[in-house]
Amino acid sequence: MAEIFNLLFNPLPNGVMTVLTGVSLLYWVFVLFSGDGLDFGVDGDLDVDVAGDISDVDGDADTGDLQSGFFSKALDFINVGKAPIMVIVTLFKFIGWIITITTSLFISVGQFGYWSLLILIPIFIITYFLMHWITKPIAKFYENVGYHGEDPLDFLGRTGMMKSSVDGGKIGSAEFKINKDVIRLNVKSFDGQAIAYNDEVIVVDEDKNQKIYFVQKDINIRNI
């Protein structure tokens with residue numbers, strides 16, 4: 001037993017991956033005993049901006065679109081969206097943990113101290129590519145049971161705060177609080193009129209293709 005415990009936490013990379021995997025295990029135990037059962041679709045505690053580009057865009061959207069496109073393709077490669085993201089994250093940690101433990105049996109990295117954590121970089125890369133194939137049957141399973149991804153957030157009518165200034169066709173950004181989450185979206189002025197930094201705005205329309213939301217100043221008792 002002592003040898004197994006030592007292997008799980010030594011060298012340092014093993015300890016890090018054991019803790020990360022343990023956190024996911026505790027999450028699923030909590031989900032099981034909280035009354036939700038094994039509803040793998042529960043992703044409520046994950047702070048992810050799923051409806052907009054979180055990069056702070058002020059003017060030129062080309063870079064943001066490229067980053068958003070690359071990020072979306074990277075997630076799609078491991079079937080995020082076709083299966084609940086917490087299932088994907090848990091599986092990623094588990095596979096990475098197994099590879100890390102196995103690697104420590106053949107490569108002595110403990111002598112490098114904190115530098116031994118660098119071995120996690122190639123392990124994460126290998127895990128990422130393995131996940132493409134490992135998650136395929138999982139995605140197929142969720143497709144068969146009628147899972148179609150997380151419900152998209154509806155931002156129309158929501159109010160937020162500008163984090164840049166916009167006018168004409170200029171693209172800026174605004175923050176919106178939904179429950180306890182703060183989500184930043186790419187926005188344009190609906191009618192082309194100037195909207196200043198820190199102005200309160202309301203979403204009145206959207207361009208679903210470019211993931212850009214059209215806003216106008218929100219006139220209320222606080223800013224009259």
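The values are calculated or read from the model by the stated rules, or taken from the named source; none is laboratory data. Bear in mind that the values here come from a model prediction, so they are computed numbers and not experimental data. As a convention, Cβ positions derive from the backbone with ideal geometry for all residues, glycine included, and neighbour counts pool all protein chains shown.
A few points about this structure:
- Residue within region 114-126 that is touching a residue at least 40 places away in the same chain (Cβ under 8 Å), under 23 Å from LEU7 (Cβ atoms) and loosely packed, with under 11 Cβ neighbours inside 10 Å present: yes
- Members of region 80-94 found to be over 13 Å from the mean Cα position of the chain (by Cα) and at pLDDT below 90, listed by number: LYS82, ALA83
- Any hit, region 121-131, residues being in the same structural domain as LEU20 (by TED's automatic domain parsing), in a helix (DSSP H, G or I) and farther than 20 Å from THR18 by Cα: yes
- Unique match (being assigned to a helix (DSSP H, G or I) and modelled with pLDDT under 80) among THR63, THR100: THR63
- Unique residue being outside the structural domain of THR102 (by TED's automatic domain parsing), modelled with pLDDT of 85 or more and not small (Gly, Ala, Ser) when the list is LYS177, LYS136: LYS177
- Here MET161 fulfils each of the conditions (1) part of a helix (DSSP H, G or I); (2) at pLDDT 90 or above; (3) not charged (D, E, K, R) apart from (1).
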